[in-house]
Structures are given as structure tokens and as C-alpha cells.
Amino acid sequence: MVNYDYTTAVMGERPEVTLPNKEFLEQLTPKGFMDMINDFYSIVLDSEISHFFPDDEEEIEMIKKRNGSYFMMMCGGDDTYLKKYSGVFDQVKTHEMFSIPDKARIEWLHCWEQALKNIEDKVDHEHIQSYWNWLEVFSKHIVNYENDKKSHEDHAKS
Ligand code: HEM
């Protein structure tokens, strides 16, 4: 069983992260990993936070590739992300141009929960758990907006 626990982010905190077990990627395989990323993005683009993402399909495909190769690297995969895409990754800077309150982070995690449930029959649950724990904690680093403040993205939505 996987515990999809949610804890609250405090704006500005940067808790220490533990990387996912490398067995997560080994059992899923790189192809399975990219399928999971595709699944995650179709869930996200149909969610409450879809307005954060571009409408253009080509742009979405690029983001999937970059995001997928970065996430795979974090799971012990190769460094395609560093070689092919942008070189360095700064979690805070990448997301700085968006106003991300904790409620958007929680919705983003809900999308991941669905995508991870779809691979529960492919990967040992302890490894899915390690991936979830990493996502849940690392995503706290990018919360940069108060929950009750109306953001640019909220205005764009309404
Ligand atoms: C563990 C947490 C997260 C990690 C490691 C992460 C990582 C990434 C990476 C690697 C990219 C691609 C950057 C590139 O183009 O090279 C990206 C893009 C993006 N992320 Fe995150 N992300 C996280 C959480 C979130 C959350 C919680 C949101 C909330 C809404 C979010 C919103 C976005 C958006 C909107 C983009 C697209 C940027 C664009 O339009 O180019 N991310 N993220």
C-alpha cells in the first residue's frame, strides 16, 4: 500500500529532500517512466491548475521531455536533462515566473497521486512511496504565494 500523505508547505521553507529509490525507475523502465509523464500531463491539463501550463501542444511536448528527463535523472537515470536541456536546473528559479500557492501545489500532487495509482501494479509500493515522498517534500520549495491572494493565474482563469 502507498500512503499518499499531504503535509502543508510554509512559504519560504526549503526542507531537505531524500531522492527516490533507484529501483523506482529500474522497475518502471525509462519507457514506462515517459508513459507515466504523459499520463501525468493529461491529468494536469484537465485539472484546476491547467491554466499554469501553455495551450500550445508543441510547447507541452517540450515540457514533457524536459520534465521527464529531469525527473528520471533524479531517480538515478542518465543525465540527458543536463546534456540536452538547459544544463542546470534551479527548482526555485524555474517556477519563479508563476504564482504558486500551496493549494496549487496540493492540486499538482493530486494529479501525481492519480498517475502513480495507475502504475501501482508495475512497481513495488515501497519504491512508489519513495518517489511520492520526494515529490511531496521537494514541491514545497517552489511555493511562493499566499493561498488566499488572487494570483495572475487566477485572474487569467476567471
Ligand atoms: C517536486 C516538484 C517539482 C519539480 C522537481 C518540478 C520540475 C519541473 C521541471 C524540470 C520543469 C521543466 C523545466 C524546463 O523547461 O526545463 C517544470 C516545468 C513546470 N512546472 Fe514544475 N516542478 C515541480 C513542481 C511543480 C508544481 C507544484 C507546479 C505547480 C503548479 C509546477 C508547475 C510547472 C509549470 C507551469 C511548468 C512549465 C514551465 C513552462 O511553461 O516552461 N511545478 N517543472
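The values are calculated or read from the model by the stated rules, or taken from the named source; none is laboratory data. Owing to the predicted nature of the structure, the values given are computational and were not obtained by experimental measurement. Cβ sites come from the backbone with ideal geometry, for glycine too, and all protein chains shown count toward neighbours. Quick note on the areas: whole protein, heavy atoms, side chains included, nothing else; ligands and nucleic acids left out. Shrake-Rupley method; radii C 1.70, N 1.55, O 1.52, S 1.80 Å.
Can you give the helix-only mean residue ellipticity at 222 nm for the chain, where every DSSP H stretch with n ≥ 4 adds -39500 (n - 2.57) and the sum goes over all residues, rounded to the nearest 500 deg cm²/dmol? Spell out each step's value before the answer.
Numbers: 7 runs with 87 residues, N = 158.
About -17500 deg cm²/dmol.
Using a probe of 1.4 angstrom, how much of the accessible area of the chain is carbon and sulfur, in percent?
Roughly 51 percent of what the probe reaches on the chain is carbon or sulfur.
Just want to confirm a number: the relative contact order over the stretch 22-157, from Cα pairs under 8 angstrom separated by 6+ residues, in percent.
Relative contact order of the stretch 22-157: 35 percent.
Distance cut-off 29 Å, Cα to Cα: go down the list Lys22/Lys65; Lys83/Lys103; Lys83/Lys149; Lys93/Lys122; Lys22/Lys149 and report the pairs above it.
In this structure, Lys83/Lys103; Lys83/Lys149; Lys93/Lys122; Lys22/Lys149 exceed 29 Å between Cα atoms.
What FRET efficiency do you get for Asp148 and Lys65 if R0 is 30 Å and r is their Cβ-Cβ distance, rounded to the nearest 0.05?
Between Asp148 and Lys65 the formula returns 0.30.
Using mean Cβ contacts within 10 Å as the protection proxy, how do 2-15, 109-122 order, highest first? Intermediate values should be presented prior to the final figure.
Numbers: 2-15: 12.2, 109-122: 15.8.
Highest-to-lowest ranking by the protection proxy: 109-122, 2-15.
For Lys83 and Glu96, calculate 0.36 nm times their separation in residues minus their Cα-Cα distance, and state this gained length in nm to one decimal.
Details: separation 13, 0.36 × 13 = 4.68 nm, distance 2.30 nm.
Once the chain is fully extended between Lys83 and Glu96, it gains 2.4 nm.
Which residues' amide hydrogens lie under 5 Å from the amide hydrogen of Tyr145, considering only partners 5 or more residues apart or on another chain, with H built in the peptide plane?
Correct list: Ile100, Asp102.
Quick one: if the Förster radius is 25 Å, what FRET efficiency do Asp46 and Tyr6 give, using the C-beta to C-beta distance and rounding to 0.05?
0.80
With the radius of gyration and the Kirkwood radius both derived from the Cα set of the stretch 22-157, what is their ratio Rg to Rh?
That ratio is 0.95, to two decimals.
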